[in-house]
Structure formats: C-alpha cells, structure tokens
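Following: one structure in structure tokens, then a few remarks.
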Amino acid sequence: MKMDLADKYLSNLVAGNNQRQKAHLTFRGNAKRGRHGWLRLTPAYSLHVVNEILANTGPDELILDPFSGTATTTLASVTRGINAHSVDVNPFLVWLGNVKLRSFPQTTADELLVEASRLRKAASGTGSSWTPNLHQIEKWWDEKTLASLADLFAGISNCKASEPVVDLLKIAFCKVMISTSNASFGHQSMSFKKAKAVRQSQPTLFADFDDSDEPIDLGRMFAVAVDEVAEGLTSETPTASGAVFLGDSRHLDKVLKKSAYSTVITSPPYPNRMSYIRELRPYMYWLGFLESGRQAGEMDWQAIGGTWGCATSNLSVWESTNGDVAYPHFNDIVSAISEQHPLLGKYVHRYFDDIKLHLQSLRKVVTPKARCFYIVGNSKFYDTMLPVEEIYAALFVDGGFTDVGWKAIRKRNSKKELFEFVVHAVAP
Ligand SMILES: C[S@@+](CC[C@H](N)C(=O)[O-])C[C@H]1O[C@@H](n2cnc3c(N)ncnc32)[C@H](O)[C@@H]1O
C-alpha cells in the first residue's frame, strides 16, 4: 500500500482531538527550550511540529524554511545534525536567527558573564543616553525605566567584548526591554497595559520580581536574562551547518542555490492582517534595524500580508499582474469580502498573488520530489470563511506539485472555525 506524506510524517500530529487548542503545538511550547526560548516572539511556531517532521528526515538532506521568523526550523534541524537554510525579509529576524545558529566556543559563556556583571552597574538611569525614535515611546516605558534601559544599551554598544558576546548581550537586553515595557503580546496583536499588570503577567522568567511594589531593578533583571541566554549556549549546540539569508521568498533563486533543497518546512504569514514589523518594532528600533515610521511601512509592504503604515495606502492602488489564483471560488470569496470592505478584499487577493509567486520561485530551488510542509491558519472576514489550506493546496497543484493534501493539527482560538493545518506537497 502506498504511504502518503501525511501518513509518514504527520501521523502523530493529527492524532487525537483537533478541536482542542493544544498549547504544545504553538510557540508557547518553545518558551523554555534553550535557544528556542531566547526571545519569545508570538509569530514563532511549534518546535514540536517541526521535530515530528524532522524525525523522518535523513541526515543527508538539506532543509529550507523560506519564512524563517525566529529560525525554529533551521535551529531544530542543525541540532539534529541536518544542514538547513532559511530566508526572511526582516533584517532583525535574520540577525536573531544567525545568532541562534552560531557555534560558540567554550569561552563564550565565561566572557558573557564577566561582561554582564560589569554592565549591570551601567543601568543607573542617568537620562543622558540615546533612546530610539519609537513613536510615543513614553507609552512603552516610564521615564526612569527608559533612562535605565538607555544606559544599559549604551554600555552594551560601547563594550569591547567579541562580536558573538555583544550579540548575546543584545538578546539579553531585548528580554529585559520587552518584559519591562507596557506592551502586552498575549493576543494576536500587540496592545498596551499598565506597567505593574504586565510584570505580574510574566510568570516565567521574572516571577521573583513580581511580588512587591519595589521599583524595577533593571541590573538584576539583566543578570537573570544573561543567565538564561548562557544556558542556551550549552543546551542546544548545532552539529550541522545552518544560515538565515536576507531575502524575499517571492524571489528565492536570487539568494539560494537552484535545485538544492530536499525538504521544506515552513510557516508563512497567515492572511490575518497581523503585521510582523508592527509587533517587532521595539526590538527593531532599539537594535538599529528601524529609524522611522515611514521605513517601517516600507518594510511591511515587502512582507507578505503586511498592512502597516504606507503598506495600507500602497494596497489601495495595488493591481494584480500575475494572472488568476487557481482556486475555483477565489474570485467569489474576494468579491464577498470586498463588498464589506474593499481594502480587505484587495488584501486577500494580494496575499494569494504573493503566495503564488512564492511557489513559482520555490520550484526553482528545490530538488525534484522535494517534500514540502506548510503550516497555515485559515481566516474569517466578516461572515466569509477563507479556506486558506484549500487555496494553498490548489496553488500547489497549479504549480505542478503532486501528493497534495492537508491535515488539521489544532484549533487556533476560541472561534470555532479557526484551525491550523499542515498542507503537504511533493515537488515535480
Ligand atoms: C509565521 S512567521 C514564521 C515563524 C517561524 N516559523 C518561527 O518559528 O518563528 C512568517 C515570517 O515570514 C516572514 N516574511 C513575510 N514576508 C516575507 C517575504 N516576502 N519573504 C521572506 N520572508 C517573509 C516574516 O518576516 C515572518 O518572520
């Protein structure tokens, strides 16, 4: 009997009750996992899902993730001894991914701890250090915390440690910066909360700072964050080579070798109007990857599904030039959404136009018979369901891929129709 891709690779994932939300199949399951937990960014996907697929993947394969995010796929692959590459359009995520994939010499942890204890004293809050040009920064941090963060960041930027150590210090800084901010990332989209409530809602790393009304001891928090980062240096060490490239997944052949990748494991942006640039702004401004709102909008326009700032006005004049989306009801779905909200209709149209471009470019960089696994979520706009998994499957078939199908792996949130799926396909 012929065993299809889903039987071989996904049987453990799809078993059981898909009506449940299954936290271990989300980024939350990665939170305590060494380097995977260095920075918790909500768009990350489940390490568990990736490991299930990799369990059936041989050491001589070359893995690709064309939507790298926090490099979950690539890191999981190289720690299992399988070479892997990934691509992302966001330069901050490319930087973060490459730090996570680095092999650090034995001396790094010691150097890191020495530098960190020196820097702890730097977070004194003089009020004279550089702060980033983040819109309404006073909503993110109170004046004293911002001044202390600024001093700490200045100390890191000026420190004479080796480049790998400075990168690790920046990751620890990001942990402290985000956990002292008034932003809440508990939902699909970021919002602001009162500072104290935020500290109480972070029970993992900073639990011991939550019990009192004491002012934030930033130096101490930084020391804890550095310890966590240092733990990841030894708990997950790459045993194969991996890299994240800055590039556009609609033009993969510009950054990757042709006909090279035998397995693709990825999670593209979902068509749910979430903006990665918007969510990642605090990291990007502090680390120098963003300097203005205009630049943020331009970057978001490059991202598939981006709708932040000028990406919205660009969308209003956007016209498709890439032919039809080969799903039977696609135009009806777009028309139904457009009737309620013309810009959203365009948003959905452009999203799948971009995915079509992506799959056309994917064909150029994968080997014949490469196995592809796409983790996607469906969406609903007003009362119109967007069957994202079916449209991906139709686009794979249209692109000449075979063995195309999908499996639901979990329910996404309290709305009963929203699920996460693995769409699978084999390259021609
Ligand atoms: C759902 S996230 C991936 C999450 C990832 N699996 C993880 O575990 O962190 C989708 C990613 O696609 C990236 N992206 C969006 N448009 C892109 C494009 N045109 N080319 C390359 N990457 C893109 C976003 O920056 C984001 O990091």
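General remarks:
- Carbon + sulfur, % of accessible area of the chain - ligands and nucleic acids excluded, 1.4 Å: 50 percent
- Hydrodynamic radius by Kirkwood, which averages 1/r over all alpha carbon pairs of segment 212-261, in angstrom: 15.3 Å
- Normalised by the number of residues in the chain, the mean separation of alpha-carbon contacts (under 8 Å, six or more apart) gives a relative contact order of 19 percent.
- Peptide ranges 223-232, 171-180, 253-262 listed from the most packed, as the mean C-beta count within 10 angstrom indicates: 171-180, 223-232, 253-262
- Against the main long axis of the alpha-carbon atoms of the chain, helix 143-158 sits at an angle near 80°.
- Inter-centroid distance (Cα atoms) of segment 99-129 relative to segment 135-160, Å: 15 Å
- Here the scattering of segment 219-333 is modelled by Debye summation over its C-alpha atoms, one equal scatterer each and no solvent; at q = 0.09, 0.10, 0.15 Å⁻¹ the log10 of I(q)/I(0) is -0.43, -0.52, -1.03.
- Sorted largest first by accessible area at a 1.4 angstrom probe radius, with every protein chain in place, the residues H36, H85 fall in the order H85, H36.
- Using a cut-off of 18 Å between Cα atoms, the listed pairs K258/K369; K356/K407; K346/K380 include K356/K407 as exceeding that distance.
- Averaged over its residues, segment 319-428 has an accessible area of 40 Å² per residue, based on protein heavy atoms and a 1.4 Å probe.
- Selection from M299, L256, I333 lying farthest towards where the dipole of the chain points positive, charges on Cβ: I333
- With all pairs of different C-alpha atoms in the average, the Kirkwood value for the hydrodynamic radius of the chain is 22.6 Å.
- Under a 5 Å amide H cut-off, with hydrogens placed 1.01 Å from N, F381 pairs with L386 among residues at least 5 apart or on other chains.
The values are calculated or read from the model by the stated rules, or taken from the named source; none is laboratory data. Quantities reported herein were computed from a predicted structural model and do not represent experimental measurements. Glycine gets a Cβ as well: all are built from the backbone with ideal geometry, and neighbour counts include every protein chain shown. Side chains included, ligands, DNA and RNA excluded: accessible areas come from the protein's heavy atoms. Shrake-Rupley method; radii C 1.70, N 1.55, O 1.52, S 1.80 Å.
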